[in-house]
Amino acid sequence: MKILKTTSALALAVILTVACTSNPKGDEAKVSEAEEVTEAEGIEILVSSDEADMEFVGTKPTGRHYGNIALSDGSISVKDGKVTGGKFIFDLNQITITDLKDDRENHKKLVNHLQSDDFFDAENHPQVIFELVSIKSLNPEKTAADYDSYQDDMEQPSKDEKIMEIPEYELENATHEVTGNLTMRGKTLAITVPAKINVNDKGVKAFTNFSIDRTKWGLMYGDESKVDDKLKDKFIYNIVGVGFNIDAKAENM
């Protein structure tokens with residue numbers, strides 16, 4: 001077994017009170033019933049909990065918030081230059097609201113609200129889990145060596161630059177289509193999203209941007225479909241932006 005140090009940005013979705021005048025637009029995930037996960041082939045690589053997290057962004061008519069959820073456990077499997085599986089578990093008791101990091105009082109209030117039954121119900125469902133089901137190459141004729149030339153293209157913008165791009169939270173030049181089971185608040189659904197993935201002797205680099213409808217997982221607080229909430233401008237857009245980034249460096253891989 002090999003150990004990877006992974007820098008992960010998962011803008012995984014999750015509900016939030018956020019500030020922008022429109023809901024995030026992007027490559028909306030295809031959502032379906034949870035799929036069976038088969039045992040992955042190849043080498044299982046542990047993902048460092050110190051260097052991986054999940055990021056999210058959400059909006060409402062009067063604001064936007066973005067932040068991250070710490071990774072508590074993770075692994076990714078590789079065989080013959082291809083990712084064959086992976087599982088990432090995020091700890092809802094370790095939420096950071098990036099835009100409120102200098103405002104301790106409001107940071108604590110929002111984190112407590114997100115952890116409450118209004119949102120994630122962290123007391124009963126303390127984890128968000130994403131488990132890979134399948135990965136389909138959108139360029140099957142290309143080899144892992146071909147993808148090495150895309151390294152510069154896969155360099156992602158800084159957090160500040162990414163926030164400026166919202167609500168256009170889309171992914172260009174995807175190399176793969178990824179399907180995985182996403183579990184939040186005790187409900188598991190499969191999502192299919194575009195991604196950039198490159199595997200070589202230096203490790204695994206992957207990135208995805210997409211959007212989901214939070215209400216499909218039972219996060220109903222401030223549901224924009226409620227007319228009363230709309231009239232009060234107190235609703236939260238149901239569509240939230242999500243991103244997942246892995247920059248995994250492997251020694252002697």
For this session: For H125, indicate whether it is in a helix (DSSP H, G or I), open to solvent by 40 Å² or more (accessible area, probe 1.4 Å) and farther than 30 Å from E41 by Cβ.
Result: no
Problem set entry | Count - residues of the stretch 62-100 that are touching a residue at least 60 places away in the same chain (Cβ under 8 Å), of a type outside the set (D, E, K, R) and surrounded by fewer than 18 Cβ atoms within 10 Å (Cβ to Cβ) | 3
Exercise. Do we find a residue being surrounded by 17 or more Cβ atoms within 10 Å (Cβ to Cβ), touching a residue at least 60 places away in the same chain (Cβ under 8 Å) and within 17 Å of the chain's Cα centre (by Cα) anywhere in the stretch 105-114?
Worked result: yes
Problem set entry | Subset of the stretch 178-207 (residues that are assigned to a strand (DSSP E or B) and among the charged types (D, E, K, R)) | K187, K196, K205
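Can you name the residue in the stretch 208-253 that is in a strand (DSSP E or B) and among the polar types (S, T, N, Q) and is also modelled with the highest pLDDT among such residues? Lay out the reasoning, then the answer.
We begin by selecting, within the stretch 208-253, every residue in a strand (DSSP E or B); these are 208-213, 223, 236, 239-250.
Next, from what is left, pick out any that are among the polar types (S, T, N, Q): 208-209, 211, 245.
On the way: T208: 82, N209: 81, S211: 89, N245: 77.
My answer is S211.
Collect the residues in the stretch 50-61 that are surrounded by fewer than 19 Cβ atoms within 10 Å (Cβ to Cβ) and small (G, A, S), keeping them in residue-number order. Give the derivation first.
Going residue by residue through the stretch 50-61, those that are surrounded by fewer than 19 Cβ atoms within 10 Å (Cβ to Cβ) are 50-51, 61.
Within the stretch 50-61, no residue meets the criteria.
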Exercise. So how many residues does the stretch 73-111 have that are within 22 Å of V37 (Cα to Cα) and β-branched (V, I, T)?
Worked result: 5
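Using the structure shown, decide if I191 is open to solvent by less than 30 Å² (accessible area, probe 1.4 Å) and at pLDDT below 60. Working first, answer last.
Details: open to solvent by less than 30 Å² (accessible area, probe 1.4 Å): yes; at pLDDT below 60: no.
So I191 does not fit the description; no.
The values are calculated or read from the model by the stated rules, or taken from the named source; none is laboratory data. Worth saying up front: this structure is predicted, and the values here are computed from it rather than measured. FYI the Cβ positions are ideal-geometry reconstructions off the backbone, even for glycines, and counts take in every protein chain you see. The protein model used for the area step is the full one, side chains on, heavy atoms only, and it has no ligands, DNA or RNA in it. Shrake-Rupley method; radii C 1.70, N 1.55, O 1.52, S 1.80 Å.
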